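Comments concern the structure below.
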């Protein structure tokens with residue numbers, strides 16, 4: 001598992017989050033019609049704990065994570081290769097890759113974005129999606145996943161140049177036999193036509209009848225004061241509600257919330273993945289939110 005310094009995490013917040021310029025919604029009104037598909041995996045209990053080496057000004061705390069029934073993935077299209085403050089808290093399956101589209105075995109489809117969208121697909125809709133990917137050649141593409149001249153996923157000719165720590169795209173399908181194909185972003189122009197078509201199809205995929213997705217698990221990155229690494233922070237701070245755990249930290253920390261608390265905090269952020277300035281006890285904190293999707297497992301680093 002990759003690690004990044006606390007300094008880079010701070011810088012990455014502005015680069016990776018699309019709403020660093022403040023908030024306009026503060027309502028705690030929550031939807032009543034969010035679909036609640038059944039869970040498929042036995043819940044486990046773990047602890048979320050920071051693993052960076054604290055400086056004298058830092059504190060490291062552990063948070064007990066309640067049991068959560070994670071779900072089984074049928075299709076997952078992810079983009080990764082970057083770093084976030086949250087990555088060390090995820091199991092290897094999703095620690096540095098963000099799902100752009102994920103479909104679960106119970107039919108729930110989630111399309112991350114601002115806002116996140118979801119729909120419960122019918123069996124016909126699921127079959128249509130998977131059949132399309134099969135027709136595009138997902139199961140016939142040859143690849144040893146080495147991402148070098150020996151990999152038939154690419155047609156390099158004489159233009160191959162090695163790269164390190166690249167961005168990547170991965171498509172995972174757990175139907176009958178599981179298969180995952182990953183492509184490196186620097187080599188995207190060399191991809192065989194079948195893989196190019198699959199990535200284009202998934203990037204542009206749309207389905208009618210979606211509704212907003214409201215997460216029941218979130219992580220917060222909290223930094224004391226106004227972070228100098230986040231541009232266009234709002235001038236006005238939003239007050240923190242005392243019923244939630246304290247934001248207090250001498251430097252920075254990660255906080256976890258689940259259930260109704262997670263939904264309420266997401267509403268505080270305007271139901272968007274964003275960065276805000278939040279005040280508590282006359283002190284200001286820079287706070288960013290991350291959605292933990294139903295299949296993602298939090299771990300003890």
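How much length, in nm to one decimal, is gained on full extension between residue 135 and residue 196, taken as 0.36 nm per residue of separation minus their Cα-Cα distance?
20.6 nm
Could you check the simple spin-label distance between residue 236 and residue 260, using points 7 Å along Cα→Cβ, in nm with one decimal?
Going from the residue 236 label point to the residue 260 one covers 2.8 nm.
With an 8 Å cut-off on Cα pairs and a minimum separation of 6 or more residues, tell me the relative contact order of region 123-203 in percent.
Relative contact order of region 123-203: 30 percent.
How high is the FRET efficiency between residue 152 and residue 204 when r is their beta carbon distance and R₀ equals 22 Å, given to the nearest 0.05?
Computed FRET efficiency for residue 152 and residue 204: 0.30.
Using 0.36 nm times the number of residues separating residue 123 and residue 229, minus their current alpha carbon distance, what extension gain do you get?
The residue 123-residue 229 span can extend by a further 33.6 nm.
Rounded to the nearest 0.05, what FRET efficiency do residue 284 and residue 82 give with R0 = 22 Å and r taken as the Cβ-Cβ distance? Could you check?
0.20
When only Cα pairs under 8 Å and 6 or more residues apart are kept, what is the percent relative contact order across region 152-253?
22
Give me the one-decimal nm value for the distance between modelled label points at residue 145 and residue 246, 7 Å along each residue's Cα-to-Cβ direction.
According to this spin-label approximation, the distance is 4.6 nm.
Region 135-152 to region 239-301: how many Å between their Cα centroids?
If we compute the Cα centre of each part, the gap is 41 Å.
By average Cβ neighbour count within 10 Å, what is the ranking of 201-208, 282-289 from highest down?
282-289, 201-208
Each reported figure results from applying straightforward, stated rules to the coordinates on display, with no laboratory input. Everything numeric here is computed off the predicted structure, so don't read it as measured data. With ideal geometry, Cβ positions are generated from the backbone for all residues, glycine too; neighbour counts draw on all protein chains shown.
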